[in-house]
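For reference, the structure discussed in these notes is given below.
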Amino acid sequence: MKRFFIVGALLALMSVRANAEVDPNFHIYLCFGQSNMEGNAQWESIDNQYVDPRFQMLATTNFDSPKRTMGNWYTAYCPIVSPMGKLGVTDYFGRTMVAAMPADVKIGVVAVAMGGAPIEMFDKDKYQSKIAEDPSAWHVTLANWYYGGNPYGRLIEMAKIAQQSGVIKGILLHQGESNNTQQDWPQKVKKIYNDILTDLGLNAEDVPLFAGETEYQEEGGACWGHNAVIAKLPQVIPTAHVVSAKGCPGNGQDAFHFSPTGYRMLGKRYAYETLKVMGRETRVDAEYTLPENLRKFLTATGLEEVSDIVIRKGSSRSIAIKAVFADGHKEDVSSEVQFSVPDFLSVADGRITAVSEGTGVVTATFTDFTGNECSVSFQVESSLQGNNHVLMVNNGSAGQNAWDKQCNTTLSKSMTVGKTYVVKALIRADQGGDCALWPVWTTSPNKNQWGGSTDVQYLASYRLTSSFQEFTWEFNAQYANDKIQFAFGLIGGKVYFDDVSCKQKGSDEEMVVNGNFESDDLSKWEIISWAGQTMSIIEEETLGVETVMGKDFTTPKGLYDLSGRRVTTEHPCPGIYISEGRKVVLK
């Protein structure tokens, strides 16, 4: 009996020691994705001058240079993710986190990523079939070289080793280029996220997900359209948070990867979003001394001048505030500044809205990571007059099908099945051609081979001319449509939109966000970027508009023929009429 007691006591002691080795102040973050997570930019001298030993990486494969053994912790010098990887988002995520946290907190990353990998490569139930589709694909080669052909399995294996040393606090994701604009991407990410939580015994509330945007079009990115899909992630995963890539420069060589500066900026933003979720300020810890290379990157020396603005009453404008940093890079910090505005203006989320008429000075103040403040002032004038704004969509060359070129907007709420809705829009095209309206239920469980919804209503197609016409579609909702699509794939050149509206019949509630384009916020609008489309807001008047309505519509109030006689029949013959001073074309 005494012998069994001693053995039991020893086992208990070993258990206590094992638990004691788990440091609650060792915060670990799991990271996965494709090339931007793997790291694609060659690191520069400043990146490996000094890395705080409090920032650790767990080698998820064996490295030859520097020599690292899988399953062991190392100071997180580049490359972090794989022997093939370079500077990526994990580097400055960890460095910024270490600088912001108390001295007794360490930061660790456990990363698995392969260039070109679709999201299915991290689905433990689908990765084998995805590999079988193209066994010679580059991401499959990388998975075989570094992760035993099972990236998800390696991530979980290494995460369990990491849990013996610290506590998993979050998951970082950067992926999407290989699933660009696939509408079911958030659901695929949700499954993987839930599998990770289950396999590691974690709770979603304790382990949020941070997903980074892809490279913006303005920076040369080709997959920026996927950002609209990434934006939906928090609707599918309540503990998910989106990390902005706005203004993060591309490498200038391809349309998918960031420059070294872009990776530093994006990595810092991952850290900022993490700190905010933790309820901490995005500031260096008072007791921390920033190494010189990190200090230059994080210290702002001033803000660029902002031109004076003339804005129409009732409209809004985002204000681009750029900071210049000690290392020479410039960064859009609009989302971080505090605005001081006169009474006739209001400000929210970096956007200024003209509430009434007036002229006054706006001051923007930015506080950088070190606590240093910079300010810039500019004048804003609001008036009743001002140029009208329209959305210009440049198709480039015409497509072969109506769906090849589109302009789509996500509605503020879904339609109710069986209810009647009225969509109106002013549209013109430089080269003319047909434009159809397709309301779609994007969250439908019925998907096509590209992951898009098959529950689409195909409504009337109208002929566009070089002059603005007002088109009206009235229909009963067959699905819980949450998006309306204008399809005009056979038109080359530029197509213009204004006063786009969607309302339930008999209701005054507008479901289109910024349909008059008097705000420059196009977050609810999208085109097919990979098809070569671009969009922008321009100034253009829409005078002398003709109204085009379908033959089944009720006669507009006060309808007159071209001889000035009032039309009293419920369904007049097709032709040109006058209503409220406008030409009306009934088809």
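The values are calculated or read from the model by the stated rules, or taken from the named source; none is laboratory data. Please read these numbers as outputs of a predicted model, since none were measured by experiment. All Cβ positions, glycine included, derive from the backbone under ideal geometry; neighbour counts span all protein chains shown. When the accessible area is computed, the model is the full protein with side chains, heavy atoms only, and any ligands, DNA or RNA have been set aside. Shrake-Rupley method; radii C 1.70, N 1.55, O 1.52, S 1.80 Å.
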Given the criterion among the aromatic types (Phe, Trp, Tyr), over 23 Å from the mean Cα position of the chain (by Cα), open to solvent by less than 10 Å² (accessible area, probe 1.4 Å) and modelled with pLDDT of 95 or more, identify the matching residue among TYR147, TYR74, TYR127. TYR147
Scanning for something free of Cβ contacts under 8 Å to residues at least 60 places away in the same chain, among the aliphatic types (A, V, I, L, M) and surrounded by fewer than 20 Cβ atoms within 10 Å (Cβ to Cβ), does the range 99-113 turn up at least one residue? no
Every residue from the range 34-71 that is over 28 Å from the mean Cα position of the chain (by Cα), assigned to a loop (DSSP other than H, G, I, E, B) and closer than 23 Å to GLY148 by Cβ: ALA59, THR60, THR61, ASN62, ASP64, SER65, PRO66, LYS67, THR69, MET70, GLY71
Scanning the range 432-481 for residues that are without any contact (Cβ under 8 Å) to a residue 60 or more places away in the chain, outside any strand (DSSP E or B), open to solvent by less than 70 Å² (accessible area, probe 1.4 Å) and closer than 23 Å to LEU391 by Cα gives GLY432, LEU459, THR465
Would you confirm whether or not the range 152-159 contains a residue that is open to solvent by less than 10 Å² (accessible area, probe 1.4 Å) and farther than 16 Å from GLY33 by Cα? no
Scanning the range 31-50 residue by residue, those farther than 12 Å from PHE93 by Cα and open to solvent by less than 20 Å² (accessible area, probe 1.4 Å) turn out to be PHE32, GLY33, GLN34, SER35, ASN36, GLU38, GLY39, ALA41, ASP47
Residues satisfying the stated conditions in the range 252-266, i.e. polar (S, T, N, Q) and either at pLDDT 95 or above or crowded, with 21+ Cβ neighbours inside 10 Å (or both): SER259, THR261
Filter the range 212-271 down to the residues that are among the hydrophobic types (A, V, I, L, M, F, W, C) and either over 19 Å from CYS31 (Cβ atoms) or free of Cβ contacts under 8 Å to residues at least 24 places away in the same chain (or both) and list them by number. ALA222, CYS223, TRP224, ALA228, VAL229, ALA231, VAL236, ALA255
Quick test of your reading of the structure: ASP349 fulfils all but one of (1) farther than 25 Å from GLY314 by Cα; (2) acidic (Asp, Glu); (3) touching a residue at least 12 places away in the same chain (Cβ under 8 Å). Name the failing condition by number. (1)
Over 31 Å from the mean Cα position of the chain (by Cα) and farther than 24 Å from MET535 by Cα: which single residue out of GLU474, GLU470 fits that description? GLU474
Of the residues PHE63, PHE122, only one is of a type in the set (Phe, Trp, Tyr), open to solvent by less than 10 Å² (accessible area, probe 1.4 Å) and either within 12 Å of GLU38 (Cβ to Cβ) or free of Cβ contacts under 8 Å to residues at least 24 places away in the same chain (or both); which? PHE63
Considering only residues that are in contact with a strand residue (DSSP E or B) (Cβ under 9 Å, 6 or more places away or on another chain) and of a type in the set (Asp, Glu), look in the range 174-229 and name the one that is farthest from ASN446 (Cα to Cα). GLU219
From the residues in the range 132-155 that are small (Gly, Ala, Ser) and assigned to a loop (DSSP other than H, G, I, E, B), which one is farthest from ILE192 (Cα to Cα)? SER136
Picked from the range 271-297 (must be hydrophobic (A, V, I, L, M, F, W, C) and touching a helix residue (DSSP H, G or I) at 6+ places or on another chain (Cβ under 8 Å)), the residue surrounded by the most Cβ atoms within 10 Å (Cβ to Cβ) is ALA271
Top-ranked residue in the range 176-230 [being open to solvent by 10 Å² or more (accessible area, probe 1.4 Å), polar (S, T, N, Q) and part of a loop (DSSP other than H, G, I, E, B); ranked as nearest to ALA113 (Cα to Cα)]: ASN180
